[in-house]
1. Restricting to segment 139-198, give me the number of residues that are modelled with pLDDT under 90, farther than 23 Å from Leu67 by Cβ and of a type in the set (Val, Ile, Thr).
2. Within segment 160-174, can you find the residues that are among the aliphatic types (A, V, I, L, M) and crowded, with 22+ Cβ neighbours inside 10 Å?
3. Can you pull out every residue in segment 48-81 that is aromatic (Phe, Trp, Tyr) and at pLDDT 85 or above?
4. Of all residues being farther than 23 Å from Leu101 by Cα, outside any loop (DSSP other than H, G, I, E, B) and charged (D, E, K, R) in segment 151-183, which is farthest from ligand 2 (Cβ to nearest atom)? Just the residue, please.
5. Going by the conditions given, is Tyr14 more than 16 Å from ligand 1 (Cβ to nearest atom) and touching a Ser or Thr at 6+ places or on another chain (Cβ under 8 Å)?
6. Can you find a residue in segment 42-50 that is touching a residue at least 40 places away in the same chain (Cβ under 8 Å), surrounded by fewer than 17 Cβ atoms within 10 Å (Cβ to Cβ), more than 16 Å from ligand 1 (Cβ to nearest atom) and in a loop (DSSP other than H, G, I, E, B)?
7. Just need a number here: residues in segment 145-168 that are acidic (Asp, Glu) and within 16 Å of ligand 1 (Cβ to nearest atom).
8. Against the conditions (1) away from ligand 2 (no atom under 16 Å from the Cβ); (2) within 15 Å of the chain's Cα centre (by Cα); (3) closer than 24 Å to Leu221 by Cβ, where does Leu53 fall short? Just the number, please.
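The values are calculated or read from the model by the stated rules, or taken from the named source; none is laboratory data. As the structure is a computational prediction, the values presented were derived from the model and not from experiment. A quick note on method: Cβ atoms are made from the backbone with ideal geometry, for glycine too, and the neighbour counts reach across all protein chains shown.
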Amino acid sequence: MEKLLELRSVGYSYHTVQGETPALTNINFTVYKGEFVAVVGPSGCGKSTLLSLLSGLLEPEHGSILLYGQKLFHPGSGTIGYMLQHDHLFEWRTVWQNVLLGPEIQKKLTPAKKEAVADMLKTYGLYKFRDAKPSQLSGGMRQRAALIRTLAMEPELLLLDEPFSALDYQTRLTVGDDIGTIIKKEHKTAVLVTHDLSEAVSLASRVIILTRRPGTIQRILPVTFDSNLSPLLRRNTPEFKDYFNEIWKEMNEK
Ligand code: ADP
Ligand code: MG
């Protein structure tokens, strides 16, 4: 498997007038192309900090982060897409204008690009709503639109920071299922951070468990299911409960 992302002894502290807050120490892991990695850990352990480092919003204080063997944001190192809890769709733009925003800004809005994006809207049930405004969509449809907007930029790596946590429980299950299925179908590589263990087990191929702040890796657990199972169907298997319990125990023992 091809190495896409590599973190070597990554550490980060926030510096404020109150002093130094170490958020992450000695983080080492590799993400291979096509993998779906979930990062779990207690609130405040540094999960969002980790994604900010991966997205290049923050620079590591220690260690290094490599994308295809090159330092992040070295020209040509590849692009990264970011999906957050809030979908950040623009209310004054239609769904179609929202999903084309990235290519428009990058001046890459070719007829072929428009067609590819229209195909994604069709495949994922949003084409009928292309002229609607985001406020006319359900929470789940908005998250799908936000994902298609991110995918329109053809990112090498997708970063997801608790993208379902603003949704009610029922919607969260179906949206998680949709998003997981789309990412797999489009052969994308993803890193999801979440405090929801069942979400991690339903979506990931590996789960990275972080300790309390300053977050460091406690354990990396491979998660394997029948490859035909969607995130929702994984939840009904006996292995699901075993993985959940194992992570739960790991997080509560230490
Ligand atoms: P998580 O996403 O796991 O809840 P965060 O990465 O947001 O955790 O935060 C990790 C730690 O860093 C927390 O203790 C938080 O209070 C602190 N922190 C986060 N952002 C800042 C900031 N901008 N300035 C100072 N401290 C921060
Ligand atoms: Mg967070």
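1. Number satisfying all stated conditions: 3.
2. First pass over segment 160-174, keeping only residues among the aliphatic types (A, V, I, L, M): 160, 166-167, 173.
Matches in segment 160-174: Leu160 only.
3. Residues of segment 48-81 that are aromatic (Phe, Trp, Tyr), as a first pass: 68, 73.
Scanning segment 48-81 gives a single hit, Tyr68.
4. Top of the filtered list is Asp177.
5. Values: more than 16 Å from ligand 1 (Cβ to nearest atom): no; touching a Ser or Thr at 6+ places or on another chain (Cβ under 8 Å): yes.
Here the answer is no, as Tyr14 does not meet what is asked.
6. The answer is no, given that none of the residues of segment 42-50 is touching a residue at least 40 places away in the same chain (Cβ under 8 Å), surrounded by fewer than 17 Cβ atoms within 10 Å (Cβ to Cβ), more than 16 Å from ligand 1 (Cβ to nearest atom) and in a loop (DSSP other than H, G, I, E, B).
7. Start the filter on segment 145-168 by keeping residues that are acidic (Asp, Glu), which leaves 154, 156, 161-162, 168.
With within 16 Å of ligand 1 (Cβ to nearest atom) added as a condition, the list becomes 161-162.
Residues meeting the conditions: 2.
8. Exception for Leu53: condition (1).
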